[in-house]
Amino acid sequence: MDSGNSLRRLRRVARVTRTVIVRTAPLPRRLFRVFIELEDMYRSMVEGLTMYAVSNNVRSFTRLKALKYRELRSLYPQLPSHYAYTACQDAATRAKSFLRLRKRGLARGDYPEIRNISIWLDDHLWRLNGYTAVSIATHVGWVTIELEPHKQYWRYVNGGWRLASEARVKLDGRGRQLVIYLTFVREVEEYEPRGYLPVDVNESNVTILVDGTAYLLETNTERVVLGYYYRRKAIQERYDSLYGVDSGIKGRAMRKLKEREKRNDIKWKIANIIVRAARERQYAIVLERLGRNPANGMIKRIGDKQLRHRIYQASFRGIQRAIEEKAREYGVPIAYVNPKNTSRLCPIHNAPIVYNNSSRIGKCSAGGELWHRDVAAVWNLLLRAHQGDVGNAQSPGGPTLDGSRVPFGSTATHEPIGISKSLWARWKSLPLQAVGTNGLKRVINYEIA
């Protein structure tokens, strides 16, 4: 095999990491006190190291360790020596992030505020005992604690994932438990794609094109964002007048809304459906090539504060990142194409589509076909992927579209099959029964994954 092919094969291998949170069984008070003391010493080390690194513009872990290791060993002789290593890693990471933010003018204060501490452990400070117990090195010696494994933990243990050498530990004072963050690693090789599965991410839906059929997965992000917007506003008006702007009571009330958790649930389920569909068919996923902050370009000419907030919270890149992360886990290739005018041009005639009064249905200015803007977008993404010769996917020989002037004819591909959130959110694959855009129920003859 020549070196060029070897390099291409190496580039297709991705290292995928996943973090799994496992709790220990409740600890006796005396034993839990040991970990409280360990956390206090570790916090003191990290705080001192972070202040020193920021003051002296130290961003490298190795440099920080070389400068402060002997001092740490003299201050904390009772701790295993590798806690000095992990504390330097922790502090260097915090200092580097803070210095980067300060350079961009986004940092608050002269030094970072260290609120939450998790104890970093390397392979000299912890080990698993038979997957159901963990041993941790402390200032009083090695301590072995029983774990409370769960379904997700066993899925990674038995699924071919390798346990990484590093781990993190947090203390749960209410339950007198340790919360252990374990990292699992797996090497995944991408397959050679046989086709493409285009994905168009919008504010309130995600549209995909599978074997000539467009599916519109409704996310209702617009209603979710507006609902939480008004709830947050009511909480702010109430608690600011009673307790002040920076009250902790208001922060706890905000966290109870769980907006982030609900939006994350939507994007990860969407990503799971899309990646499973592509992997089953050995297709590559086609995404729009968005910038780092696509919302900034969208709101330039928008003065409505509420609409600007909705666009910022729509999380176009967030859904794309979830798809990318899931795709790496399953070895699904990703292709990126230029998103310019994908919903404004007719895929058949490459002519502008005319939309009236903010309607999502437009008419091709050349052929007169009616197009749903999201369907036009995914077809154009597919065509651009083939024209760009991304990967080694086989060409379909041109799109097979119905060019009739009949609005949403029986064989038309202009109309997406709409699937409400209440349906797809319960499935790991697209359900057999879906709701079309005309409100009528129809039966799909195959599942997507």
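Laid out as a table, the results:
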| item | result |
| --- | --- |
| Test: residue in segment 261-268 that is in contact (Cβ under 8 Å) with a residue 12 or more places away in the chain and either open to solvent by less than 30 Å² (accessible area, probe 1.4 Å) or within 25 Å of N380 (Cβ to Cβ) (or both) | yes |
| Segment 245-272: number of residues that are at pLDDT 80 or above and either at positive phi or touching a strand residue (DSSP E or B) at 6+ places or on another chain (Cβ under 8 Å) (or both) | 1 |
| Verdict on E47 being under 17 Å from L99 (Cα atoms) and among the acidic types (D, E) | yes |
| Matching residues in segment 17-38 - criterion: being under 34 Å from the mean Cα position of the chain (by Cα) and either surrounded by fewer than 17 Cβ atoms within 10 Å (Cβ to Cβ) or not hydrophobic (A, V, I, L, M, F, W, C) (or both) | T17, R18, T19, I21, R23, T24, A25, P26, I36 |
| Considering residues of segment 46-105 that are farther than 30 Å from R127 by Cα and not in a helix (DSSP H, G or I) only, the residue most open to solvent (accessible area, probe 1.4 Å) | R104 |
| Selected residue [aliphatic (A, V, I, L, M), closer than 24 Å to A95 by Cα and touching a residue at least 12 places away in the same chain (Cβ under 8 Å)] from V169, V134 | V169 |
| Selection within segment 317-333 - aliphatic (A, V, I, L, M) and either open to solvent by 10 Å² or more (accessible area, probe 1.4 Å) or touching a strand residue (DSSP E or B) at 6+ places or on another chain (Cβ under 9 Å) (or both) | I319, I323, A327, V332 |
| Lone qualifier among R18, R59 - being among the basic types (K, R), touching a helix residue (DSSP H, G or I) at 6+ places or on another chain (Cβ under 7 Å) and touching a residue at least 60 places away in the same chain (Cβ under 8 Å) | R18 |
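The values are calculated or read from the model by the stated rules, or taken from the named source; none is laboratory data. Note that the coordinates shown come from a computational prediction; the quantities given were computed from them, not determined experimentally. Heads up, the Cβs are rebuilt from the backbone with ideal geometry, glycines too, and the neighbour counts pull from every protein chain shown. Note: accessible area is taken over every heavy atom of the protein model, side chains too, but ligands, DNA and RNA are not part of it. Shrake-Rupley method; radii C 1.70, N 1.55, O 1.52, S 1.80 Å.
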